[in-house]
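First comes the structure, then the notes that go with it.
The values are calculated or read from the model by the stated rules, or taken from the named source; none is laboratory data. Since the structure is predicted, the reported quantities are computational estimates derived from the model, not experimental observations. Cβ sites come from the backbone with ideal geometry, for glycine too, and all protein chains shown count toward neighbours. These accessible areas exclude ligands, DNA and RNA; they are computed on the full protein's heavy atoms, side chains included. Shrake-Rupley method; radii C 1.70, N 1.55, O 1.52, S 1.80 Å.
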Amino acid sequence: MTRSEAGRAQVLVVEDDKGIQELLRFTLVCGGCQPLCVETAEQAETALGGTLPDLALIDWMLPGKSGLALTRKLRGERRTRRLPIIILTARGEEADRVAGLEGGADDYIVKPFSPKELMARVQSVLRRCAPQFAAGTLTVGPLALDTVAHEVRVAGQRINLTPTEFRLLRFLMANPGRVYSRQQLLDNVWGDHVYIEDRTVDIHVRRLRVALGPAAEHVVETVRGAGYKLCAQPGTPPSEA
């Protein structure tokens, strides 16, 4: 799995029923997500060996290892413990819902479900766990980023960004004030299995500042020895990366 050039949230779907899998795939695509579908826990583990998705939809009743067992394993591993997970199941009893949530799921959807409910729950989890992929408009200082129309405006004026610049700005705007190291930005914007030098981040930050222009170039601040952050009310101009 690779980072989408369109900046869409990537969703790993683990579902062995072909009909339900196709429904999930179609719904996610229509909802602006990028699905990757597999049928077993073992296939899911192989897929997760590449770049991590932004969210996983996991059916409880899978052939071989169950979806609940897979969820517990993912929560026990350092690399995947923060991966947002929604469990899908036909088991709607309270005890089952509790078991799913205590097993590490962020949410729990009982079959049958409507496409509208599915996307509402996916967006809800993304808002909590991966806000840079939640649909809507992000506004910080003079910047406004429309995740649906894929547009960025500075003080009301539309500007043009490359796909990478858009993803970088989107991530920083979803987490204003928080400092991210170059490696963290590489993992979250480019993908944790993309092998490029961390100085690449510096190049894209410089290009982003140029694209934002005088009204907003200082919003992306350099924190010496730490990385970068987005600040709505910058003080002195950031130093060169």
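A few comments on the model shown:
- Meets criteria (assigned to a helix (DSSP H, G or I) and within 23 Å of THR27 (Cβ to Cβ)) for ARG167: no
- Any hit, region 55-64, residues being open to solvent by 10 Å² or more (accessible area, probe 1.4 Å), within 22 Å of ARG170 (Cβ to Cβ) and either of a type outside the set (D, E, K, R) or at pLDDT 95 or above (or both): no
- The residue pairs whose first member lies in region 89-106 and is open to solvent by less than 20 Å² (accessible area, probe 1.4 Å), whose second member is of a type in the set (S, T, N, Q), and whose beta carbons are closer than 8 Å, counting only pairs six or more residues apart or on different chains, are GLY100/THR71; GLY100/THR89; GLY103/THR71; GLY104/THR71; ALA105/THR71.
- Considering only residues in region 65-88 that are within 10 Å of ALA105 (Cα to Cα) and surrounded by fewer than 21 Cβ atoms within 10 Å (Cβ to Cβ), the one that is nearest to the chain's Cα centre (by Cα) turns out to be ARG75.
- Screening VAL110 against (1) more than 24 Å from GLU22 (Cβ to Cβ); (2) open to solvent by 20 Å² or more (accessible area, probe 1.4 Å); (3) β-branched (Val, Ile, Thr) leaves a single unmet condition, (1).
- Taken over region 82-111, the criterion of being aliphatic (A, V, I, L, M) and in a helix (DSSP H, G or I) is satisfied by ALA95, VAL98, ALA99, LEU101.
- Of residues in region 153-178 being aliphatic (A, V, I, L, M) and farther than 19 Å from ILE203 by Cβ, the one most open to solvent (accessible area, probe 1.4 Å): ALA155
- Members of region 112-159 found to be among the β-branched types (Val, Ile, Thr), part of a helix (DSSP H, G or I) and at pLDDT below 90, listed by number: VAL125
- Being modelled with pLDDT of 90 or more and either exposed (fewer than 14 other Cβ atoms within 10 Å of the Cβ) or more than 23 Å from the chain's Cα centre (by Cα) (or both) holds for only one residue in ALA211, ALA241, and it is ALA211.
- Only one of the listed residues (ALA41, ALA105, ALA95) is modelled with pLDDT under 90 and over 25 Å from GLY136 (Cα atoms). That residue is ALA95.
- Any chance LEU186 is modelled with pLDDT under 85, surrounded by 19 or more Cβ atoms within 10 Å (Cβ to Cβ) and out of contact with any strand residue (DSSP E or B) (no Cβ under 8 Å at 6 or more places or on another chain): yes
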